[in-house]
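Engineer: Here it is, the structure in full.
None of the figures in this text is laboratory data; all of them are computed from the coordinates on show. Just so it is clear, the structure is predicted and the values come from calculations on it, not from any experiment. Cβ: placed from backbone, ideal geometry, glycine included. Neighbour counts: every protein chain shown.
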Amino acid sequence: MKPLIPLLFCLLALNVRAQFKLSGKITLEEKNEAAFGAAVFINELNMGTTADTAGHYTITAIPKGIYTLRISYVSLPTIIEKKVLIDHNLVRDFTMKAGGNALEEVVVTGTMKEVSKLDSPVPVDVITAKFIYKNPVPSIFDGLSYVNGVRPQLNCNVCNTGDIHINGLEGPYTMVLIDGMPMVSGLSTVYGLSGIPNSLIDRVEIVKGPASTLYGSEAVGGLINIITKNPSKAPAFSADAFSTTWRDFNVDLGLKLTAGSKTTALIGINYFNYQNPIDHNRDGFTDLTLQNRISVFNKWSFSRKNNKTANIAARYYYEDRWGGDMKWNKSFRGGDALYGESIYTKRFELMGNYDLPTQEKLTLQYSFSSHDQNSVYGTVPFLADQKIAFAQLLWDKVAGKHSLLFGTPFRYTFYNDNTTATKYVDGRDHADKIFLPGIFVQDEISMGIHKILLGARYDYNSRHGSIFTPRAAYKVKLNQTDVIRLNFGRGFRIVNLFTEDHAALTGSRQVIVKEALKPEQSWNANLNVVKKIVTGNSFVGFDASVFYTYFTNRILPDYDTNPNQIIYDNLDGYAVSKGISLNLDFNFAFPLKVIAGGTVMDNYQYENGKRFRPVLTEKVTAVWSVSYEIQKAGLSFDYTGNLYGPMRLPLLSEDDPRAGTSPVWSLQNIQITKKFRNGLEIYGGIKNLLNFTPPANSIARSHDPFDKNVKFDDAGQVIATPDNPYRLTFDPSYVYAPNQGLRGFAGLRYTLH
């Protein structure tokens with residue numbers, strides 16, 4: 001018996017040290033194919049592996065025990081299996097299924113069809129509402145500051161109106177959609193962007209490069225599609241309120257209503273108020289425009305047979321904003337005693353879509369917007385009325401390997417203002433009316449791992465005649481994580497200066513339009529490569545693009561020929577926008593996530609044998625977001641930032657003492673959030689950590705905004721005087737960064753599901 005005791009101990013020791021193998025196959029349910037790159041992770045052992053091209057995985061050297069398995073795959077919900085006993089070589093297969101998490105990777109903007117982001121032949125960037133929460137802002141205009149290649153640009157130091165640049169191209173080249181319809185157009189590209197509240201946003205999709213084949217004029221540089229929340233999937237109630245040490249207040253409210261079993265509605269309200277004049281740079285003018293605005297949004301969704309959709313939404317927006325002399329009030333509006341820029345905006349929008357009750361997939365989309373503008377820039381009034389009606393019928397047809405889309409868009413624009421833009425030669429006023437019917441066709445051909453997209457659009461503009469825009473795209477999906485795309489297409493844009501260029505109205509420069517402006521045209525090519533490297537329970541995503549756009553008939557303001565004028569003319573030559581962009585996405589096994597991106601670009605014009613760079617066009621942009629979460633404590637930390645390279649700035653004379661090129665500058669923020677189990681979140685932090693602000697003399701001659709003491713010669717040139725040795729006039733267009741320095745913020749967020 002005694003000889004058996006040592007043998008028993010040996011067997012026990014062998015059993016304790018025994019190691020086993022876990023293996024199996026992971027597949028994707030929707031496509032019934034291998035989930036290459038899926039991660040299998042054992043939490044207790046902090047070890048794991050990834051599936052090969054056939055979906056097989058193997059983890060070896062596993063001690064006997066009870067473990068929690070975590071199976072994850074890019075864009076799909078994670079599978080968690082608890083209390084898995086491993087006391088022998090175990091074979092376990094898993095099937096990855098679509099779920100709520102996958103919605104973040106579904107896009108519709110590139111092709112007007114709902115597809116996964118990796119399957120889209122057109123590269124699309126997706127920004128979720130959660131991303132915007134990493135640095136709370138009062139509107140989507142500010143929230144896009146941390147998207148690679150996208151830069152919200154302030155166009156005036158006084159009233160702080162702005163537009164959105166994509167890859168260095170000016171704001172009018174960016175089309176802004178709401179639920180796929182051109183709601184933000186004309187006047188609202190300057191005066192309506194700040195009125196889109198975050199409470200109604202589900203996600204934002206961004207396409208960089210021309211999309212005129214599907215979306216028509218204005219989508220030359222790219223487009224931003226704001227997807228609103230689906231009422232049936234929205235929380236029952238949501239609230240988000242925050243304030244900063246500058247005493248600006250923002251409140252977002254959301255409420256879901258149910259009217260019967262087939263009807264749900266969403267009400268969103270945004271209110272922003274800032275009434276605290278500040279002049280830190282001591283130029284006598286407000287550093288930040290005072291604002292009082294409210295936006296009310298209401299969307300209804302109806303459930304129908306055969307998954308047919310029907311929804312309708314409306315939004316009302318009102319804003320009262322002013323900036324200028326610190327002593328200004330509304331009694332000085334329009335006068336020359338004190339300088340102020342006062343803007344009243346009233347806007348109404350209606351939009352919806354309806355699937356026709358037919359066997360074929362026919363969808364009617366429609367929208368209407370009314371924009372009333374009452375503005376005064378010093379003594380210059382700008383009164384404008386714009387109405388846009390839009391409708392299109394879409395036919396979505398699948399025939400074998402062909403996914404076809406036919407569309408018949410129609411757009412009517414009514415515009416009238418008090419400027420020379422809407423006057424006859426005899427001085428009589430008349431409204432500008434443009435009819436824009438069109439037709440487009442798109443064919444997406446699937447051939448295994450290859451996809452080819454062909455499209456063409458014909459529009460007839462009642463003012464400019466026929467316009468044809470083709471496009472083509474090729475995509476090869478090497479596997480579940482690697483994609484290569486090549487896009488090529490044409491863009492066009494119809495220009496309305498006074499609705500798009502704020503500089504045409506502000507300051508003392510005279511506006512000169514040299515001839516009847518022709519539509520701008522462009523050709524664009526874009527090469528995009530996406531690769532995701534999965535290691536254990538972590539992955540790194542690479543998204544790189546090379547882009548090139550060639551413009552003819554381009555219209556840009558000329559600030560240089562005459563310092564007292566802004567001259568608009570079709571370019572007698574060509575313009576080029578080219579560059580390279582890289583996005584990196586790091587997701588680690590521990591709760592750290594890093595998103596970073598950078599774009600290097602070269603934008604220039606070539607005319608009369610000379611090459612020059614447009615003003616306010618940066619060479620380099622970079623963005624980043626670092627997030628860390630302590631789940632047990634309910635704490636999360638977010639560090640966000642952006643960086644912009646040098647840009648040429650508009651000077652008034654050769655003697656202008658201001659720098660002709662901006663420095664490289666950066667805005668950085670940090671936020672701490674505490675989450676509670678009842679849906680409450682409390683957050684706070686610091687904005688503009690580096691306390692960066694532009695030069696104090698950005699506004700030229702702010703002490704003489706009406707040029708009362710400026711002397712001119714017979715040719716209209718400024719004469720140097722002891723009071724004006726640098727030959728300057730009042731000009732607030734020298735602006736490239738906001739004037740708000742370091743400031744704290746705090747807020748709370750509550751969600752009831």
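Engineer: Got the relative contact order for the chain handy, in percent, Cα pairs under 8 Å and 6 or more residues apart? Don't skip to the answer; put the middle values down first.
Structural biologist: Numbers: 2068 pairs, mean separation 76.3, N = 753.
Relative CO of the chain lands at 10 percent.
Engineer: Reachable lysines from LYS433, Cα under 26 Å, same-chain residues fewer than 8 places away excluded?
Structural biologist: LYS346, LYS387, LYS423, LYS514, LYS518
Engineer: Further, regarding this structure: What is the distance, in nm, between label points placed 7 Å from the Cα along the Cα-to-Cβ direction at ARG463 and at ASP372?
Structural biologist: 2.4 nm
Engineer: In sequence order, what are the phi-derived ³J(HN,Hα) couplings for the stretch 720-736 according to the Karplus relation 6.51 cos²θ - 1.76 cosθ + 1.60 with θ = phi - 60°, rounded to whole Hz, with x for glycine and proline?
Structural biologist: 5, 9, x, 7, 9, x, 9, 6, 9, 10, 5, 7, x, 7, 7, 9, 9
Engineer: How many angstrom lie between the C-alpha centres of the stretch 269-291 and the stretch 363-424?
Structural biologist: 32 Å
Engineer: By per-residue mean of other Cβ atoms within 10 Å, what is the highest-first order of 635-648, 292-305? All intermediate terms of the calculation are to be shown ahead of the outcome.
Structural biologist: On the way: 635-648: 19.4, 292-305: 17.4.
In descending order of packing, they fall as 635-648, 292-305.
Engineer: Based on the Cβ-Cβ distance of THR751 and ILE682, what FRET efficiency does E = 1/(1 + (r/R0)^6) give at R0 = 22 Å, to the nearest 0.05? Walk me through the numbers before you get to the answer.
Structural biologist: On the way: r = 13 Å, r/R0 = 0.59.
That pair, THR751 with ILE682, gives E of 0.95.
Engineer: Return the FRET efficiency for the residue pair ALA399, GLU33: r is the Cβ-Cβ distance, R0 is 25 Å, and the value is rounded to the nearest 0.05. Write out the running numbers ahead of the final one.
Structural biologist: On the way: r = 23 Å, r/R0 = 0.92.
With a Förster radius of 25 Å, E is 0.60.
Engineer: Further, regarding this structure: Enter the Cα centre distance for the pair the stretch 24-82 and the stretch 580-627, rounded to the nearest angstrom.
Structural biologist: 35 Å
Engineer: Tabulate in residue order the Karplus-calculated ³J(HN,Hα) for the stretch 658-663, using 6.51 cos²θ - 1.76 cosθ + 1.60 with θ = phi - 60°, rounded to whole Hz; enter x for Gly and Pro.
Structural biologist: Going residue by residue, I get 6, 5, x, 9, 6, x Hz, with x marking Gly and Pro.
Engineer: Applying 1/(1 + (r/R0)^6) with R0 = 22 Å to the Cβ-Cβ distance of SER331 and ARG282, what FRET efficiency is obtained, to the nearest 0.05?
Structural biologist: 0.35
Engineer: Before rounding to the nearest 500, sum -39500 (n - 2.57) across all DSSP H runs of length at least 4 in the chain and divide by the residue total; then give [θ] at 222 nm in deg cm²/dmol. Present the calculation step by step, with values, prior to reporting the outcome.
Structural biologist: Details: 6 runs with 33 residues, N = 753.
Calculated from helices alone, the mean residue ellipticity at 222 nm is -1000 deg cm²/dmol.
Engineer: On to the next question. Output wanted: per-residue J couplings in Hz (rounded whole) for the stretch 382-393, from phi through Karplus 6.51 cos²θ - 1.76 cosθ + 1.60, θ = phi - 60°, x for Gly and Pro.
Structural biologist: 9, 10, 9, 10, 10, 10, 10, 10, 9, 8, 8, 9
Engineer: Per-residue counts of other Cβ atoms within 10 Å, averaged by peptide: what ranking do you get for 283-290, 324-331, highest first?
Structural biologist: Working: 283-290: 21.1, 324-331: 15.5.
Highest-to-lowest ranking by the protection proxy: 283-290, 324-331.
Engineer: Moving on to the next point. Once you keep just the Cα pairs under 8 angstrom separated by 6 or more residues, what percentage relative contact order results for the stretch 16-98? Write out the running numbers ahead of the final one.
Structural biologist: Details: 203 pairs, mean separation 31.5, N = 83.
Value for the stretch 16-98: 38 percent.
Engineer: Ok, one more. Note the full-extension length gain between LEU45 and VAL600 as 0.36 nm times their separation in residues minus their Cα-Cα distance, in nm to one decimal.
Structural biologist: On the way: separation 555, 0.36 × 555 = 199.80 nm, distance 4.28 nm.
Answer, rounded to one decimal: 195.5 nm.
Engineer: Describe numerically, in nm with one decimal, the distance between label points set 7 Å from Cα along Cα→Cβ at HIS56 and at ASN418.
Structural biologist: With each label point 7 Å from Cα toward Cβ, the separation is 7.9 nm.
Engineer: Between VAL664 and GLN19, what length comes free when the chain is fully extended (0.36 nm per residue of separation minus the Cα-Cα distance, one decimal in nm)?
Structural biologist: In short, 226.5 nm is gained.
Engineer: At 0.36 nm per residue, and after removing the present C-alpha to C-alpha distance, how many nm does the segment from TYR550 to GLU81 gain when stretched out fully?
Structural biologist: Here the answer is 163.4 nm.
Engineer: Another question, if that's okay. Cα axis of helix 4-16 to longest principal axis of the chain: angle in degrees, 0 to 90, nearest 10?
Structural biologist: Its long axis makes an angle of about 20 degrees.
Engineer: Rank-order 117-126, 171-180 by packing density, defined as the average count of other C-beta atoms within 10 Å over each peptide's residues, highest first. List each step's numbers first, then the result.
Structural biologist: Values: 117-126: 21.4, 171-180: 24.1.
My ranking of the peptides, most packed first, is 171-180, 117-126.
Engineer: Let me ask something else about it. For labels at PHE612 and ALA715 in the simple 7 Å Cα→Cβ model, what's the distance in nm?
Structural biologist: Going from the PHE612 label point to the ALA715 one covers 1.6 nm.
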